[in-house]
Amino acid sequence: MKFLLVFDFDHTIIDENSDTWIVKCAPSAKLPDEIRNSYQKGRWTEYMGRVFRFLGDSGIREEEMKRTMTAIPFTKGMKDLLEFVGKHKDLFDCIIISDSNAVFIDWILKASNFCQVFNEVFTNPAGFDGCGYLTVENFHAHNCAQCPVNLCKRKVLEEFLENPSKQRMKYSQILYIGDGGNDLCPVMCLKKDDVVLPRHGYSLQKMVSQLSQDPVPLEASIVTWSSGIEILAYLELLIK
């Protein structure tokens, strides 16, 4: 049986937040106060829609945005990890579940030749309209009170695992690699044989470390990481 690797994207595969990185394209690399102050909790995708409209109104077009996004740095050791996984696709299925958007992730994966590593990418749909403006939509609707309105990563993961139309195999183990607060919901559905790999010093690590006092404790094992090389070393042990 294969292993399933579930990756977050921002601050996990890449070492930045792709949505805030794109602000480098803005005039003076800044947003006006009325946009910066317009964010409402849980409605990040709507906020980014306003950011993209501002960039479009400022004359920023696809090629400039693409140049900016493909210069984003990968997290230390992550390219080594993805190259290792790519060489062992007979053992690993890989998916991304991200609150970024399809355009940014596609640009970055293609520029780094990592598209073939991933079986599927689940993120907010995006594209350029007839005026050359980037637009973004919510990934789906859900009823989870813990997650932002546009994306519940747990729902995505559970639907991926339960999808009968793709005749999914039973994975011997699921490994969830992430960093942020919105990664807590999906790791709570992992089982005792699974592993959550929170990035050291980030929100997810702090949250899972507090779950030992929780009445509904986390079932999965916890392995923290600071570099993709540490995850690679862990995977090497798994497949021996």
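How big is region 15-149 by the Kirkwood estimate over distinct Cα pairs, in Å?
16.2
Please report the carbon-and-sulfur percent of the accessible area for the chain; probe 1.4 Å, protein heavy atoms only, DNA, RNA and ligands left out. Before the final figure, lay out each step's value.
Values: 5730 of 11730 Å².
Roughly 49 percent, rounded to a whole number.
Can you give me the Rg/Rh ratio for region 124-203, using Cα atoms for both radii and the Kirkwood formula for Rh? Each step should come with its number before you reach the end.
On the way: Rg = 15.5 Å, Rh = 14.8 Å.
Value, to two decimals: 1.05.
Could you give the C-alpha radius of gyration of region 7-82 expressed as a fraction of 2.2 N^0.38 Å, taking N as the number of residues it contains? If you can, show how the numbers build up before the last one.
Values: Rg = 13.7 Å, N = 76, 2.2 N^0.38 = 11.4 Å.
Cα-based Rg divided by the globular estimate yields 1.20.
Sort out for me the Cα centre separation of region 106-171 from region 1-42, rounded to whole Å.
Comparing the Cα centres of region 106-171 and region 1-42, I get a distance of 15 Å.
Out of the GluC sites (Glu not before Pro) in region 87-179, which ones are loop residues according to DSSP with at most 15 other C-beta atoms within 10 Å?
Working: sites: E120, E137, E158, E159, E162; in loops: E137.
Taking region 87-179 and a limit of 15 other Cβ atoms within 10 Å, the loop GluC sites (Glu not before Pro) found are E137.
In Å², and per residue, what accessible area does region 169-240 have when probed at 1.4 Å with the other protein chains present?
On the way: 3580 Å² over 72 residues.
That works out to 50 Å² per residue.
Sum up the charges of everything whose Cβ sits under 14 Å from the Cβ of M69, counting Lys and Arg as +1 and Asp and Glu as -1, but leave M69 out. The partial results should precede the final answer.
On the way: positive: K24, R61, K66, R67, K110; negative: D10, D15, E16, D19, E62, E63, E64, D106.
Charge balance near M69 sits at -3.
Would you mind working out the accessible area per residue for region 54-94, using a 1.4 Å probe, and quoting it in Å²? Walk me through the numbers before you get to the answer.
On the way: 2030 Å² over 41 residues.
Per residue, region 54-94 has 50 Å² of solvent-accessible surface.
So how long is each side of the chain along the principal axes, counting just the alpha-carbon atoms, biggest first, in Å?
Principal extents (Cα only, largest first): 53, 40, 38 Å.
Loop only per DSSP, at most 11 neighbouring Cβ atoms within 10 Å: give me the trypsin sites (Lys or Arg not before Pro) in region 33-78, ordered by residue number.
Working: sites: R36, K41, R43, R50, R53, R61, K66, R67, K76; in loops: K41, R43, R61, K76.
Hits after loop and neighbour filter: K41.
Along its three principal axes, how long is region 177-230 when you only count alpha carbons? Whole Å, largest extent first please.
Reported extents, whole Å, longest axis first: 32, 21, 17.
Report the net charge of residues surrounding L232, where surrounding means a beta-carbon distance below 12 angstrom and charges are Lys +1, Arg +1, Asp -1, Glu -1.
Values: positive: K76, K79, K87; negative: D80, E83, E230, E236.
With Lys, Arg at +1 and Asp, Glu at -1, the neighbours total -1.
Please list the equivalent ellipsoid semi-axes of region 39-106, computed as the square roots of five times the alpha-carbon gyration tensor eigenvalues, in descending order and whole angstrom.
Values: eigenvalues 186, 54, 20 Å².
Three semi-axes, in Å: 30, 16, 10.
Within the chain, what percent of beta bridges assigned by DSSP are antiparallel, to the nearest 5? Could you put the intermediate results ahead of the total?
On the way: 4 of 26 bridges.
The answer is about 15 percent antiparallel.
Considering only I105, I96, I60, give the residue with the highest GNM mean-square fluctuation for the chain, with springs between Cα atoms whenever their separation is below 10 Å.
I60
In whole Hz, with x marking every Gly and Pro, tabulate ³J(HN,Hα) for region 233-240 from phi via Karplus 6.51 cos²θ - 1.76 cosθ + 1.60, θ = phi - 60°.
Result, ordered by residue: 4, 5, 5, 4, 5, 4, 8, 5 Hz.
Summing -39500 (n - 2.57) over the DSSP H runs of n ≥ 4 in the chain and dividing by its residue number, what mean residue ellipticity at 222 nm do you reach, to the nearest 500 deg cm²/dmol? Provide the component values of the computation, followed by the final result.
Values: 10 runs with 83 residues, N = 240.
That calculation yields -9500 deg cm²/dmol at 222 nm.
Cut-off 10 angstrom, C-alpha nodes, Gaussian network model of the chain. Which of I222, I35, I174 fluctuates the most?
I35
Determine which residues of region 23-45 fall in the zone a paramagnetic label at Q210 would reach in this model, i.e. backbone nitrogen under 18 Å from the point 7 Å along Cα→Cβ.
42
Please give me, ordered by residue number, the trypsin sites (Lys or Arg not before Pro) of region 130-210 that lie in loop per DSSP and have at most 14 other Cβ atoms within 10 Å. Intermediate values should be presented prior to the final figure.
On the way: sites: K153, R154, K155, K166, R168, K170, K191, K192, R199, K206; in loops: R168, K170, K191, K192.
Loop-located and lightly packed - R168, K170, K191, K192.
The values are calculated or read from the model by the stated rules, or taken from the named source; none is laboratory data. Because the structure is predicted, anything quoted here is derived from the model rather than measured. Quick reminder, even Gly has a Cβ in these numbers, built from the backbone with ideal geometry, and neighbours come from all protein chains shown. The area values use the complete protein model at the heavy-atom level, side chains included, leaving out ligands, DNA and RNA. Shrake-Rupley method; radii C 1.70, N 1.55, O 1.52, S 1.80 Å.
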